[in-house]
Each structure stands twice: as structure tokens, then as C-alpha cells.
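Have a look at the structure below, then the notes.
The values are calculated or read from the model by the stated rules, or taken from the named source; none is laboratory data. Keep in mind that what you see is a predicted model, and the values were worked out from it rather than measured. Cβ atoms come from the backbone with ideal geometry, glycine included; neighbour counts cover every protein chain shown.
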Amino acid sequence: MNTVFLIDDDEADQYLCQRVFKRSGFSCELWTASDGVEALDLLRDADGVPDLILLDINMPRMNGHGFLAEYSKLWSREIPVIVVLTSSDQACDREQAMKYPAVKDYIVKPLRKEMIETLDALVKSVKANCKASE
């Protein structure tokens with residue numbers, strides 16, 4: 001079963017993502033955090049890393065860009081698939097996020113059911129590449 005980590009300060013968006021996953025039949029263990037600081041704390045306490053991180057850009061305390069910078073320093077060897085899922089359609093946000101190797105896509109909210117297949121394919125592709133390189 002895939003582990004998905006949703007990092008977003010908007011409770012309505014968290015709820016909608018959970019509903020989209022359920023309705024699409026995407027089976028996963030879902031972790032949630034409301035900002036980058038909380039997310040990093042949860043990752044430090046976790047056994048391993050999630051398969052997929054869905055990351056918002058605009059959050060209090062530590063935004064998505066700050067999270068990406070810290071995450072890449074702390075977990076450089078264990079990089080899951082990170083997809084930025086945000087309301088920001090700013091080109092500068094997209095360019096800054098896509099500079100990180102773990103960021104595989106940049107999706108402007110809302111998350112739709114048909115996007116789940118794309119996310120699932122990304123996770124499977126990265127897992128297959130990791131196994132092939134071992």
C-alpha cells in the first residue's frame with residue numbers, strides 16, 4: 001500500500017483530497033500536516049518516508065519552498081515522488097519548485113479524480129527505477 005503525505009494548511013483541501021482518493025479507489029495510508037514545520041517534524045519521527053508527497057506552496061510558518069529546501073538537505077538519499085498541489089499558478093512558483101529533482105509535477109488545485117492515475121503511475125515509475133538501480 002502506498003503512503004501519501006498531504007502537506008496543506010487548508011482543511012477543506014485536505015478533505016477534498018481524501019474524498020478524491022476514496023472515490024477513485026486509490027488505496028493508500030494518508031498522512032497530513034498543515035505546514036512545512038509540522039511536516040518535517042512528522043518525517044523526523046516516522047519510520048521511512050512516504051511514497052508520494054502532495055505539497056502546497058502557500059502555507060504559514062514554512063511554505064512549500066522552505067519545505068523543499070529543508071527536505072532535500074535532510075533526506076537526500078530517500079527521495080519520494082513530490083507533486084506540488086497548489087492554488088498558485090505563478091510561473092515563478094512553478095520554476096522554483098521544479099528545480100528540485102524529487103518534484104515530478106506541479107498541479108494547480110483542485111485535485112481531480114483523473115489525476116489520481118497520473119500520481120499512481122509516477123509512484124510506480126519511481127519505485128521501479130529505484131529497484132532497477134539497486
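Anything in region 27-39 that is out of contact with any Lys or Arg (no Cβ under 6 Å at 6 or more places or on another chain), surrounded by fewer than 17 Cβ atoms within 10 Å (Cβ to Cβ) and under 17 Å from I82 (Cα atoms)? List them, or say none. Before you say what the answer is, go through the steps one by one.
Let us first name the residues in region 27-39 that are out of contact with any Lys or Arg (no Cβ under 6 Å at 6 or more places or on another chain), namely 27-34, 36, 38-39.
Add one more test, that the residue is surrounded by fewer than 17 Cβ atoms within 10 Å (Cβ to Cβ), and what stays is 27, 29, 31.
If the condition is that a residue be out of contact with any Lys or Arg (no Cβ under 6 Å at 6 or more places or on another chain), surrounded by fewer than 17 Cβ atoms within 10 Å (Cβ to Cβ) and under 17 Å from I82 (Cα atoms), then E29, W31 are the ones that fit.
Between a residue in region 84-106 that is among the basic types (K, R) and any residue that is in a helix (DSSP H, G or I) and modelled with pLDDT under 90, which pairs come within a Cβ distance under 8 Å, given they are 6 or more apart or on different chains?
Cβ pairs passing all conditions: K104/L122; K104/V126.
With respect to K127, is the statement that it is at pLDDT below 85, of a type in the set (K, R) and in a helix (DSSP H, G or I) true? Spell out how you get there, then give the answer.
On the way: at pLDDT below 85: yes; of a type in the set (K, R): yes; in a helix (DSSP H, G or I): yes.
So K127 fits the description; yes.
Looking only at region 90-110, how many residues end up being part of a loop (DSSP other than H, G, I, E, B) and modelled with pLDDT of 90 or more?
Of all residues in region 90-110, those part of a loop (DSSP other than H, G, I, E, B) come to 90, 99-102, 109-110.
The next check asks that each one be modelled with pLDDT of 90 or more; those that pass are 90, 99-100.
Summing the residues that are part of a loop (DSSP other than H, G, I, E, B) and modelled with pLDDT of 90 or more in region 90-110 gives 3.
Considering only region 73-90, I want to know if a residue exists there that is more than 23 Å from D120 (Cα to Cα), surrounded by fewer than 21 Cβ atoms within 10 Å (Cβ to Cβ) and in contact with a His (Cβ under 7 Å, 6 or more places away or on another chain).
no
Tally time: how many residues in region 4-26 are modelled with pLDDT of 85 or more and surrounded by fewer than 16 Cβ atoms within 10 Å (Cβ to Cβ)?
The total comes to 4.
What number of residues in region 45-74 are basic (K, R), out of contact with any Gly (no Cβ under 8 Å at 6 or more places or on another chain) and in contact (Cβ under 8 Å) with a residue 24 or more places away in the chain? Spell out the reasoning first.
Step one: filter region 45-74 for residues basic (K, R), giving 61, 73.
Now restrict to residues that are out of contact with any Gly (no Cβ under 8 Å at 6 or more places or on another chain): 73.
Cutting the leftovers down to in contact (Cβ under 8 Å) with a residue 24 or more places away in the chain gives us none.
Qualifying residue count for the region: 0.
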